[in-house]
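Q: Below is one structure. I have some questions about it.
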Amino acid sequence: MQDYDHGDSNLQIPEKIIPDDQRASLRQMLDALSKTVELHTYAGEEVANSQNLMSRFTVQLTNELAECSARIKAVRHSAAEAKKLAGPAGLPSIGIKAEGAEHFALRMVGAPLEQEGVALIKAIRMVGSGENELSRAARQSLAKLTEPREIMVFGLGT
């Protein structure tokens, strides 16, 4: 598989990804969660020296979310772990789970830019509150399952 070129030397990550004026409302929402949420970041090469903007953005964003609230824990994995668990072609990934849970509730692959960032916040809210946005019919269908299932959902930017 050909490695994807994540870097563009003309692009820069802002000093703060989450603007100050949005941190207060984000903090309020995160502090209200009933469970602490762990964001496990797998980002490939050592990020500090990396030209991989997607990896650096992902690590910085998860760190900023953890700075917003004690209900969020950012867990950065070693380069060796990241190499095994990063997404296809070395894309960064984030495993999301409630603190103390054995398995990830959700895993996102790729940098959470634009709408993916909104999806990340929704995922954090679902894992931290134990609530979901499934319809009643969907919940009833899932309740009928008798064996464990892995459900994969793919979203593409527009």
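The values are calculated or read from the model by the stated rules, or taken from the named source; none is laboratory data. Note that the coordinates shown come from a computational prediction; the quantities given were computed from them, not determined experimentally. Positions of Cβ are backbone-derived with ideal geometry, glycine not excepted, and every protein chain shown enters the neighbour counts.
Q: Would you tally the residues in region 104-143 being closer than 24 Å to Ala66 by Cα, assigned to a helix (DSSP H, G or I) and without any contact (Cβ under 8 Å) to a residue 12 or more places away in the chain?
A: 2
Q: Just to verify a result, which residue in region 90-103, among those that are farther than 16 Å from Leu65 by Cβ and surrounded by 13 or more Cβ atoms within 10 Å (Cβ to Cβ), is modelled with the lowest pLDDT?
A: Only one residue fits best here, namely Gly90.
Q: Another question about this same structure. Among the candidates Gln22, Gln60, Gln28, single out the residue that is at pLDDT 85 or above, within 18 Å of the chain's Cα centre (by Cα) and part of a helix (DSSP H, G or I).
A: That would be Gln60, the only listed residue that is at pLDDT 85 or above, within 18 Å of the chain's Cα centre (by Cα) and part of a helix (DSSP H, G or I).
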